[in-house]
Amino acid sequence: MSAPAPLKIGITCYPSVGGSGILASALGEELARLGHEVHFISYERPFRMPANAPRLFFHPVDISDYGLFKYPDYTLPLSVKMAEVSREHRLDILHVHYAVPHATAALLARDMLPPELRPKIVATLHGTDTTLLGKDPAYAPAIRHALEGADAITTVSHFLKAETLRLLGIIRPIDVIHNFFEPRPPKESRDSIRAGLGLKENEALILHASNLRPLKRIDLLLETAARIRPADAFKLVILAGGDFEPFLPDILRLGLQDRVVVRTNVPDIEDYFAAADLALFTSETESFCLSILEAMAFACPSVTTDVGGIPEVVDHNLNGLRVPFGDPDALALAAESLLADPPRRTALGNAAREKARTAFSAATIVPQYLALYHRVRNK
């Protein structure tokens, strides 16, 4: 039997720093590498989308600021661009990451096209489109309608699937396809990164990477850092995908001026994860937490809150440590235990890297998306 013909796939995501955009960019890159034609459709080029890669294209959405509207509209211009790209390139699949407004725009785009040119719609939920907007009566009915109209729905964890069913009452199958991460080789050495951050030889590098949204609980992260002893044994490096300025008063209040280093909008995250000794995450909820997986890929164990989909990623005391949410003392003690025990930290890190390789690699996850694409295309 001959292999299936290459697909033409449109991908829409939020292009800013965040797990959904990073996953969508990585998925598009892997699909193109496998011979498929991938078209990104968004208001900006996705944060980590490679330039000039074969079979990988970007189509910007033009947003007009008409005086008629109090706020600029994105959904309608996005739907028009989706329909235009689908028509011109004969897309087989529109894969939209995040329900709002991408799934709604995809349904509008499909309805603009004649039946023979309509792509199948796959909607992937990443978290707050369910756990936050799904609770909002101003959004929930529209989200439910868009998801019911898609040809397939995926979530990045079993936790998020359960929350979607509970909050939105979806009465159709949902596929769970976990996130993946395929690390690029670091561009800088561990020693170079550590020197640039001002770390002394005996200081550990504790890393945190996130978009700094409220659910990431940066306040709890800083409270935890302030409790880790000895205080001169580490520096906390924060790769910030958002504005860190609101947290500067906390840095001063907690006396962390010499303990915390912030780097914003870092594209080469691999350099920092490869140089890290430990990762720290204090989220109130998570659907998956891609940053944990990024750390795992570099044999860097995480201390993290035991929330949401994180137990599907971190096996407590096997490849990382999970701590109940909201307890900075317990988080600090967990971090201290690993900083004081390098052999244990190494063992957990090696196990983390092995799980990242076997359970959450591109080789494991991308075929699951391709199987889904072919399934919905052949309906």
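Read-outs throughout are calculated quantities, based only on the coordinates presented, and are distinct from any laboratory measurement. Source: prediction; values computed, not measured. Because the Cβ atoms are built from the backbone with ideal geometry, glycine has one as well, and the counts that use them run over all protein chains shown.
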Report, in degrees rounded to the nearest 10, the 0 to 90 angle that the Cα long axis of helix 342-359 makes with the longest principal axis of the chain. 10 degrees
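Tell me, what is the percent relative contact order of the range 190-359, built from C-alpha pairs under 8 Å that lie six or more residues apart?
Details: 319 pairs, mean separation 39.4, N = 170.
Here the relative contact order equals 23 percent.
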Say the dipole of the chain comes from +1 at the beta carbon of Lys and Arg and -1 at that of Asp and Glu; which of Y373, A24, V156 then lies farthest toward its positive end? Y373
For the chain, take the longest principal axis of its alpha carbons; what is the angle in degrees between that and the long axis of helix 158-168, to the nearest 10 within 0 to 90? 60 degrees
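With contacts defined as alpha carbon pairs under 8 Å and 6 or more residues apart, what's the relative contact order of the range 1-133 in percent? List each step's numbers first, then the result.
Working: 241 pairs, mean separation 33.1, N = 133.
The normalised contact order for the range 1-133 reaches 25 percent.
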Pairs of alpha carbons in the range 19-88 whose separation is greater than 20 Å (percent): 38 percent
Given all pairs of distinct Cα atoms, the range 190-359 yields a Kirkwood Rh in Å of 15.6 Å
Along the Cα→Cβ direction, 7 angstrom out, place labels at D306 and N202. What is the inter-label distance in nm? 3.4 nm
0 to 90° range, to nearest 10: angle between helix 19-33 axis and the chain longest Cα axis: 60 degrees
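Taking other Cβ within 10 Å of each residue's Cβ, how do D243, D73 sort, fewest first? If you can, show how the numbers build up before the last one.
On the way: D243 9, D73 14.
With the sparsest Cβ surroundings first, the list reads D243, D73.
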Take peptides 284-296, 51-63 and line them up by average Cβ neighbours within 10 Å, highest first, as a rough protection proxy. 284-296, 51-63
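Can you give the helix-only mean residue ellipticity at 222 nm for the chain, where every DSSP H stretch with n ≥ 4 adds -39500 (n - 2.57) and the sum goes over all residues, rounded to the nearest 500 deg cm²/dmol?
Numbers: 14 runs with 148 residues, N = 379.
Value at 222 nm, helices only: -11500 deg cm²/dmol.
What's the extension gain from V80 to A359 if we count 0.36 nm per residue and subtract their Cα-Cα distance?
Full extension of this stretch gives 96.7 nm more.
May I ask you to derive the FRET efficiency for R184 and A340 from their Cβ-Cβ distance with R0 = 22 Å, giving the value to the nearest 0.05? Show your work: numbers first, answer last.
On the way: r = 32 Å, r/R0 = 1.45.
The value I calculate is 0.10.
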